[in-house]
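All remarks here apply to the structure that follows.
The values are calculated or read from the model by the stated rules, or taken from the named source; none is laboratory data. What you see is a predicted model, and the numbers here were worked out from it, not measured in a lab. Neighbour counts run over all protein chains shown; Cβ positions are idealised from the backbone, glycine included.
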Amino acid sequence: MQEIQSGGEKSFIGAWFIPDLGICDDLIQFFKDHDDKVEGQVGDSGKVDKALKDSVDVIIPPGNFAEPIVARYLANLNLVVDEYVKKFRASSLVDRWGVTENINIQWYRPMGGYKEWHTERYGKSLPSCHRHLVFMTYLNDVFDEGGTEFYHQKVRVSPRKGLSLIWPADWTHLHRGVVSPTEEKYIITGWLSFI
């Protein structure tokens, strides 16, 4: 798999395309067909604040990871994770970790986004204290802005179908979504947490 440059060796942001790009279209259709969509919540509080995060989400709990479409995505994601560990070997020199929390498919309308600077591990409460790495895969191309911006690294990633990012969950990787004024964006995202 070929790495896509996303800020250089010291950014600790890895970016690769998943091998099966068709899974992106299938996940979008899965989202559209799903009956249990919810307004995007900020953090683990269950709070909806569209000024901070304006999305519609499908939450996939670990009990549904064996569902064929989800299992197929996770198999592709594991290939990206393998590349990340090859590049950043120290990420594996810690306790065991894997996908143990909910996975979210998120749809952002034009002008929608996770607009607030945030990090994925923000305190001692569960589940955020167990998070090691973050993953996100763009499910569609967006050409009018719509990417992801990392504050300290001064990196902005453009959304391309199948491009999967992995980065550390800590404060060092403060990030936010870049709003597209004209295009919708779909992502699937979650965490690699200590087991």
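List of remarks:
- Looking across region 161-182, the residues that are surrounded by 17 or more Cβ atoms within 10 Å (Cβ to Cβ), within 17 Å of Tyr108 (Cβ to Cβ) and either free of Cβ contacts under 8 Å to residues at least 40 places away in the same chain or out of contact with any helix residue (DSSP H, G or I) (no Cβ under 7 Å at 6 or more places or on another chain) (or both) come down to Leu163, Leu165, His175, Arg176, Gly177, Val178, Val179, Ser180.
- Of all residues in region 70-105 being aromatic (Phe, Trp, Tyr) and in a helix (DSSP H, G or I), the one that is surrounded by the most Cβ atoms within 10 Å (Cβ to Cβ): Tyr73
- Failed item, numbered, when Glu101 is tested on (1) without any contact (Cβ under 8 Å) to a residue 60 or more places away in the chain; (2) within 17 Å of Leu126 (Cβ to Cβ): (1)
- Selection status of Leu52, closer than 22 Å to Thr172 by Cβ and either aliphatic (A, V, I, L, M) or surrounded by 13 or more Cβ atoms within 10 Å (Cβ to Cβ) (or both): yes
- Matching residues, region 15-53, being at pLDDT below 95, outside any loop (DSSP other than H, G, I, E, B) and hydrophobic (A, V, I, L, M, F, W, C): Val38, Val42
- No other residue among Glu39, Glu9 is of a type in the set (Asp, Glu), in contact with a Ser or Thr (Cβ under 9 Å, 6 or more places away or on another chain) and within 28 Å of Lys115 (Cα to Cα) apart from Glu39.
- Qualifying positions in region 38-57 - more than 18 Å from Pro110 (Cα to Cα), out of contact with any Pro (no Cβ under 8 Å at 6 or more places or on another chain) and in contact (Cβ under 8 Å) with a residue 24 or more places away in the chain: Val42, Gly43
- Hey, Gly162 within 24 Å of His34 (Cα to Cα) and either of a type in the set (Lys, Arg) or in contact with a Phe, Trp or Tyr (Cβ under 7 Å, 6 or more places away or on another chain) (or both) or not: yes
- Residue count, region 133-156 (criterion: more than 23 Å from Phe31 (Cα to Cα) and either more than 13 Å from the chain's Cα centre (by Cα) or buried (at least 22 other Cβ atoms within 10 Å of the Cβ) (or both)): 8
- Filter pass, Asp82 being at pLDDT below 95 and not β-branched (Val, Ile, Thr): no
- In the set Phe143, Phe150, only one residue is closer than 21 Å to Ser91 by Cα and at pLDDT 95 or above; that residue is Phe150.
- Scan of region 115-165 for residues that are among the aliphatic types (A, V, I, L, M) and not in a strand (DSSP E or B), ordered by number: Leu126, Leu139, Val142
- Some residue of region 183-194 being surrounded by 15 or more Cβ atoms within 10 Å (Cβ to Cβ), touching a His at 6+ places or on another chain (Cβ under 6 Å) and among the aliphatic types (A, V, I, L, M): yes
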